[in-house]
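Presented below is the structure to which this report refers.
The values are calculated or read from the model by the stated rules, or taken from the named source; none is laboratory data. In this text the structure is predicted, and so the values were computed from the model without any measurement. Quick reminder, even Gly has a Cβ in these numbers, built from the backbone with ideal geometry, and neighbours come from all protein chains shown.
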Amino acid sequence: MTTSEPYVIVGAGHAAGQAATSLRMEGYEGPILLIGEEPYHPYQRPPLSKAYLAGELELERLYVKPPDFYASNNIETRLKTRCLALDRGACQLTLSDSTTVAYDKLLITTGTRVRELPVTGIDLEGVHYLRTIEDVDGIQSGFAPGAHLVVVGGGYIGLEVAAVAQKRGLNVTVVESEDRLLKRVVGEEVSAFFERVHTEEGVKILTGHQVSEFSGGSKIEAVKCANGTEIRADMAVVGIGIVPNQELAQDAGLACDNGILVDACCRTEDPKIFAAGDCTQHPNEVFGRLVRLESVHNALEQAKTAAAAMCGNEKPYNQVPWFWSDQYDLKLQIAGLNQGYDELVVRGQMEERKFAAFYLKDGQLLAVDAVNSVPEYMVSRKLIADRAMIPADRLADTSIPMKQVAQDLK
């Protein structure tokens, strides 16, 4: 299968790297052009707030594929280049280097960007966001034992940064505007567990505090909150969420709604244009609704689906979402989506830092948060996909192995 114009991939994250690989695996032999804004080939983002931030992972190990993989597979990469406009009628992209590129088919994998905090002092030296390799390199330069770090945002990224910094000997304060940590993604019991763990590790947690200003001369000296609280700060890391990069598609007239709208095969309404990864809003049959997922698993699997569809093969994407977070000695593994749950069942002992929290709606398992509990996580992924109805007392009974819980449902 060859074409005169290239298959173009815009974006250079997980989805882009996987899509380029999958196009070749699907038998496409024509030209492939991958365009990315950063100076790096596609790399993994989750380690940025974990092992890479902790200095435990070399840059080379972040790459999805070694940089020489692309040349050896006849995949052209154009880095440090931004796509400014998409002309669907001409099947053409305008780039930041003042050139234009024609495409036969286009895959948009533009991912997400940080949600910015609109307060005074955000531009002071020592105030950071965390999204790229350069962001982490900048943060690490201030990771001196005894330094005062304020983390704005009590989500996964914020808590992972707090855990790494605390282990490095910094004085860490987490400021969260909501009334509890991780409110968007976990139940109250799990929020309380993570607050207790971080507090025991020495992190100061301030919930219900809205940051109003970063103060200092040219460099940050304090973080001020709307309620009058002032926190000493030698540096700050802001992690208050991310937003999809849908503007390229939206400006070209493609349907978008908190992400680029695609079908189960990652097709947009334009037959020549596809999209995959964090920037998409796509159907999920397991939960019967459209979802936008900020997940490596989703990016990789959608990329495989998109590559297949670009080559004329139907491989609809429909899987149970899963995520993970590393904090101290805790491995949090999440499967499913808990929105709309009406019952939370805890299996195991939170005090032992080994448990699973199951989210049910009318008896059906929607999601699980498994902390250092691999069997519960693995079995639950299958049960969620099967829309299993499980008695709460069976889930809570640790004397019954999780495999047995699943087998008893057959």
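In table form, for the structure just shown:
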quantity: Every residue from the range 164-184 that is more than 17 Å from T207 (Cα to Cα), within 23 Å of the chain's Cα centre (by Cα) and hydrophobic (A, V, I, L, M, F, W, C); calculated: V164, A165
quantity: Residue in the range 304-315 that is closer than 24 Å to A15 by Cβ and acidic (D, E) present; calculated: yes
quantity: Positions within the range 79-104 being of a type outside the set (D, E) and either in contact with a Cys (Cβ under 9 Å, 6 or more places away or on another chain) or closer than 30 Å to S215 by Cα (or both), in sequence order; calculated: L93, T94, L95, S96, V101, A102, Y103
quantity: Test: residue in the range 82-92 that is surrounded by 20 or more Cβ atoms within 10 Å (Cβ to Cβ), in the same structural domain as G27 (by TED's automatic domain parsing), at negative phi and touching a strand residue (DSSP E or B) at 6+ places or on another chain (Cβ under 9 Å); calculated: yes
quantity: Criterion (among the small types (G, A, S) and outside any helix (DSSP H, G or I)) met by exactly one of S191, S215; calculated: S215
quantity: Residue among K183, K167 that alone is farther than 26 Å from N258 by Cα and among the basic types (K, R); calculated: K167
quantity: Some residue of the range 396-403 being touching a residue at least 60 places away in the same chain (Cβ under 8 Å) and either over 25 Å from the mean Cα position of the chain (by Cα) or at negative phi (or both); calculated: no
quantity: Test for A357: is it touching a Phe, Trp or Tyr at 6+ places or on another chain (Cβ under 7 Å), in a strand (DSSP E or B) and surrounded by 19 or more Cβ atoms within 10 Å (Cβ to Cβ); calculated: no
quantity: Single residue of the range 279-301 satisfying the filter (in contact with a strand residue (DSSP E or B) (Cβ under 6 Å, 6 or more places away or on another chain) and outside any strand (DSSP E or B)) that is surrounded by the most Cβ atoms within 10 Å (Cβ to Cβ); calculated: C279
quantity: Residue in the range 255-264 that is modelled with pLDDT under 95 and either surrounded by fewer than 18 Cβ atoms within 10 Å (Cβ to Cβ) or not assigned by TED's automatic domain parsing to the domain that holds G155 (or both) present; calculated: no
quantity: Counted residues, the range 1-53 - those being under 20 Å from G111 (Cβ atoms) and not in a helix (DSSP H, G or I); calculated: 24
quantity: Residues (surrounded by fewer than 19 Cβ atoms within 10 Å (Cβ to Cβ), within 13 Å of L293 (Cβ to Cβ) and touching a residue at least 60 places away in the same chain (Cβ under 8 Å)) located in the range 314-331; calculated: Q319
quantity: Positions within the range 338-373 being within 21 Å of the chain's Cα centre (by Cα) and over 20 Å from K183 (Cβ atoms), in sequence order; calculated: N372
quantity: Residue that is surrounded by the fewest Cβ atoms within 10 Å (Cβ to Cβ), among those in the range 364-396 that are assigned to a loop (DSSP other than H, G, I, E, B) and out of contact with any helix residue (DSSP H, G or I) (no Cβ under 8 Å at 6 or more places or on another chain); calculated: R387
quantity: Within the range 96-106, tally of residues that are small (G, A, S), assigned to a loop (DSSP other than H, G, I, E, B) and farther than 28 Å from L62 by Cβ; calculated: 1
quantity: Within the range 107-136, considering residues that are part of a strand (DSSP E or B) and within 23 Å of the chain's Cα centre (by Cα), the one surrounded by the fewest Cβ atoms within 10 Å (Cβ to Cβ); calculated: R113
quantity: Failed item, numbered, when Y52 is tested on (1) farther than 19 Å from E5 by Cβ; (2) surrounded by fewer than 16 Cβ atoms within 10 Å (Cβ to Cβ); calculated: (2)
quantity: Residues of the range 207-224 classified as touching a residue at least 60 places away in the same chain (Cβ under 8 Å) and buried (at least 20 other Cβ atoms within 10 Å of the Cβ), total; calculated: 4
quantity: Top-ranked residue in the range 339-354 [being in a loop (DSSP other than H, G, I, E, B) and touching an Asp or Glu at 6+ places or on another chain (Cβ under 8 Å); ranked as farthest from R289 (Cα to Cα)]; calculated: R353
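For (1) out of contact with any Gly (no Cβ under 7 Å at 6 or more places or on another chain); (2) at positive phi, each residue gets a yes or a no:
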{"site": "G153", "(1), (2)": "no, yes"}
{"site": "V172", "(1), (2)": "yes, no"}
{"site": "L181", "(1), (2)": "no, no"}
{"site": "E201", "(1), (2)": "yes, no"}
{"site": "L206", "(1), (2)": "yes, no"}
{"site": "E221", "(1), (2)": "yes, no"}
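Quick grid of which residues meet (1) surrounded by fewer than 17 Cβ atoms within 10 Å (Cβ to Cβ); (2) of a type outside the set (A, V, I, L, M, F, W, C); (3) in contact with a strand residue (DSSP E or B) (Cβ under 7 Å, 6 or more places away or on another chain):
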residue: G187; (1), (2), (3): no, yes, yes
residue: E195; (1), (2), (3): no, yes, yes
residue: T199; (1), (2), (3): yes, yes, yes
residue: I205; (1), (2), (3): no, no, yes
